[in-house]
Amino acid sequence: MKAGQPMIQWVEINRKAFLHNVGEFKKRLGRTELMAVVKANAYGHGLLAIASLAQEAGLNWLAVNNLEEGLALRQAGFKPKILILGYVGLEQAETAVGSDLRLVVYNLENIRSLARAARRLKKKAIVHLKIETGTNRQGIPIKTLGIIAKELKKWPEIEVEGISSHFANIEDTTDDFYPKYQLANFLEAVRCLENNGLSIPVKHLACSAAAILFPETYFDLARIGLGLYGLWPSKETLISCQQRGQKPLKLKPVLSWRTRVAQIKPVAAGSYVGYGCTYRTTRRSKLAVVPVGYYDGYDRSLSNSAYVLIKGQRAQIRGRVCMDFIMADVTDIPGVELEDRVTLLGSDGQDKITAEQLASLAGTINYEIITRINPLTPRVIV
Ligand SMILES: Cc1ncc(COP(=O)(O)O)c(C=O)c1O
């Protein structure tokens, strides 16, 4: 093992890049507060690592997907306001309220289970109403808001702190018709609740793309995920930004994913490589066996198509991605040695591999490439 490389596979988190991205969004958002979306293991960056950087950046709000992520943050001693964006089972309400976790509510059942839990604990359950504006995921249909408002008034244990919704079609298009339609629905929901005597202090709707493109969606708080990790939500977001004459944010990718060469293998011309014999060498070749596979989050659809960087040079993946290994062609890279550093994602020398490149090869989006990196892989802040 070489000095300074105690792990065989690791994810590097660039502290400066993260803090820079927070700064870029803070500038854009002005008086609107920033909630760091750290769900899905902070988009693969490591929940606790990113929470500590968010704390360093002075962010007061974190968003997670479920109870387990919220509890992990509380158990690690993180004090900011934490909102659970996803599903919490009815029987989990007491644990959530007991740990000062805020929840989104979207039906009578979860309102009642939270209220009863709060009553038992003799404390308030702080909730954010999630409004159905057009995504048809979690959310209260606007026409039922009157019933929800009536229910909420029955429970003094419930404090309605926030009202939120989420965009369906903001990253995939340069057409702003659907975000505008959802924004109009959101405003209608706010009005409807006010008419029912519920004035809610914290309104939030914006994700990264909305924060980049639509100031009219900022309200009090913006839930920013991907952008904080230095990635653009899509090409369309960048194009829309340019078309509107807005200055694009300068985002810096935060994550690099690395490992080391496990074996160097000379093979004869005409040799098959990997499961299914999907690659056959056309010349005498040298392969680097790399200890990362689809279990680690390196998508199997990258078989025979992606490359890694070794000594700053591209080494093409030969054969199928295995569960725990890939084989990379280093025939044309002189001087590759056992345990040399391999970059799966990120920069090495003058070259780099981006999440967008891997996403395009794997037929997916940058969000999926980063969130699927195995949570067991160590995250190191550099
Ligand atoms: C409810 C909700 N809000 C905010 C976000 C953050 O979106 P983005 O990563 O595009 O900023 C997500 C991400 O999926 C989400 O589900």
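The values are calculated or read from the model by the stated rules, or taken from the named source; none is laboratory data. This structure is a prediction, so every number in the text was calculated from the model and none was measured. No Cβ is skipped: glycine too gets one built from the backbone with ideal geometry, and neighbour counts run over all protein chains shown.
Quick look at the values:
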{"quantity": "Per-region count, segment 184-198, residues in a helix (DSSP H, G or I) and either over 27 Å from Lys26 (Cβ atoms) or within 15 Å of the ligand (Cβ to nearest atom) (or both)", "calculated": "10"}
{"quantity": "All positions within segment 226-238 that are outside any loop (DSSP other than H, G, I, E, B) and within 11 Å of the ligand (Cβ to nearest atom)", "calculated": "Leu226, Gly227, Leu228, Tyr229, Thr237"}
{"quantity": "Inter-residue pairs, beta-carbon under 7 Å, first at positive phi and in segment 64-89, second within 16 Å of the ligand (Cβ to nearest atom), 6+ apart", "calculated": "none"}
{"quantity": "Residues of segment 199-225 that turn out to be assigned to a loop (DSSP other than H, G, I, E, B), among the aliphatic types (A, V, I, L, M) and closer than 17 Å to Thr135 by Cβ, as a count", "calculated": "2"}
{"quantity": "Which listed residue is among the charged types (D, E, K, R) and under 29 Å from Glu337 (Cβ atoms), from Arg244, Arg300", "calculated": "Arg300"}
{"quantity": "Ala57, sole failed condition from (1) under 30 Å from Glu337 (Cβ atoms); (2) without any contact (Cβ under 8 Å) to a residue 40 or more places away in the chain", "calculated": "(1)"}
{"quantity": "Members of segment 1-44 that are in a helix (DSSP H, G or I) and either modelled with pLDDT under 95 or over 18 Å from Gly58 (Cβ atoms) (or both)", "calculated": "Lys39, Ala40, Asn41, Tyr43"}
{"quantity": "Yes/no for Gly297 being assigned by TED's automatic domain parsing to the domain that holds Arg372, modelled with pLDDT of 95 or more and either acidic (Asp, Glu) or more than 23 Å from Leu85 (Cβ to Cβ) (or both)", "calculated": "no"}
{"quantity": "Count of residues meeting criterion [crowded, with 21+ Cβ neighbours inside 10 Å and more than 14 Å from the chain's Cα centre (by Cα)] in segment 29-50", "calculated": "1"}
{"quantity": "Unique residue being under 22 Å from Gly225 (Cα atoms) and within 15 Å of the ligand (Cβ to nearest atom) when the list is Leu71, Leu29, Leu48", "calculated": "Leu29"}
{"quantity": "Options Lys123, Lys130; residue that is closer than 18 Å to Ile84 by Cβ, of a type in the set (Lys, Arg) and part of a strand (DSSP E or B)", "calculated": "Lys130"}
{"quantity": "Hey, Leu53 in the same structural domain as Asn136 (by TED's automatic domain parsing), touching a Lys or Arg at 6+ places or on another chain (Cβ under 8 Å) and modelled with pLDDT of 95 or more or not", "calculated": "yes"}
{"quantity": "Test: residue in segment 228-236 that is hydroxyl-bearing (Ser, Thr, Tyr) and outside the structural domain of Gly134 (by TED's automatic domain parsing)", "calculated": "no"}
